[in-house]
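The values are calculated or read from the model by the stated rules, or taken from the named source; none is laboratory data. In this text, all values refer to a predicted model and were calculated from it rather than measured experimentally. Counting neighbours? That spans all protein chains shown, and the Cβs are built from the backbone with ideal geometry, glycine included.
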Amino acid sequence: MKTFLKILTIFIAIGAIGGAVMMWMDPTGVSWGGEPMLDLLRAKMPWPEILFKDFIPSGYVLLAVNGLPQILAAVMLFKKHPWAYRVTFACGIILMLWIVLEWYVWGFVALSNVFFVLGLAETSAAYYCIWKKA
């Protein structure tokens, strides 16, 4: 279970970092099909003229909310920090909440559904390790 969590946190972190970089490289979303999503963000989220002119702020938020915490969790797991499973559990909850927000904005998208399942797996595995006092 410990190895699974290490791999999972790294995989999720890479996904978040990759998503953030993709948003920064093409802030319009044209090259990766995100342009319609930007219109939905503008329609459903607060301060659209400030936060959603393009995807640059979204990339920073993705990195801060999902990328960096997952990296922190992975480092803590590798160093066997006593709070590693609690932090990993929190990362899984945060990821699932992020995906619920995505569902609100643009509905069910296959990649979002996959990452929700990954967040559920992360949370469940971390809970198991906390419960077993691994």
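Filtering THR3, THR9 for residues that are among the polar types (S, T, N, Q) and more than 17 Å from the chain's Cα centre (by Cα) leaves a single hit, THR3. For segment 51-89, a tally of residues being without any contact (Cβ under 8 Å) to a residue 12 or more places away in the chain, within 19 Å of ASP26 (Cα to Cα) and either crowded, with 20+ Cβ neighbours inside 10 Å or among the charged types (D, E, K, R) (or both) returns 1. Selection of segment 87-102 for residues being over 17 Å from LEU68 (Cβ atoms) and at pLDDT 95 or above yields MET96, ILE99, VAL100. Within segment 106-127, the set of residues being β-branched (Val, Ile, Thr), modelled with pLDDT of 95 or more and farther than 16 Å from ARG86 by Cβ comprises VAL114, VAL117.
Among the residues making up segment 106-123, those that are in a helix (DSSP H, G or I) and either touching a Phe, Trp or Tyr at 6+ places or on another chain (Cβ under 9 Å) or surrounded by 15 or more Cβ atoms within 10 Å (Cβ to Cβ) (or both) are TRP106, SER112, ASN113, PHE115, PHE116, LEU118, GLY119, LEU120, ALA121, GLU122, THR123. Here LEU97 clears all of (1) touching a residue at least 12 places away in the same chain (Cβ under 8 Å); (2) more than 15 Å from THR9 (Cβ to Cβ); (3) within 10 Å of the chain's Cα centre (by Cα) except the condition numbered (1). Residues in segment 23-38 that are surrounded by 14 or more Cβ atoms within 10 Å (Cβ to Cβ) and not in a loop (DSSP other than H, G, I, E, B): MET23, TRP24, MET37, LEU38. Being out of contact with any His (no Cβ under 8 Å at 6 or more places or on another chain) and at pLDDT 95 or above is a description that does not apply to LYS132.
Quick one: would you say TRP32 is on the phi > 0 side of the Ramachandran plot and either in contact with a Leu (Cβ under 9 Å, 6 or more places away or on another chain) or of a type in the set (A, V, I, L, M, F, W, C) (or both)? The answer is no for TRP32.
No other residue among LYS79, LYS6 is in contact with a Phe, Trp or Tyr (Cβ under 9 Å, 6 or more places away or on another chain), of a type in the set (D, E, K, R) and closer than 30 Å to LYS132 by Cα apart from LYS6. For segment 39-53, what are the residues that are of a type in the set (A, V, I, L, M), in a helix (DSSP H, G or I) and under 20 Å from the mean Cα position of the chain (by Cα)? LEU40, LEU41, LEU51 - these are the residues of segment 39-53 that are of a type in the set (A, V, I, L, M), in a helix (DSSP H, G or I) and under 20 Å from the mean Cα position of the chain (by Cα).
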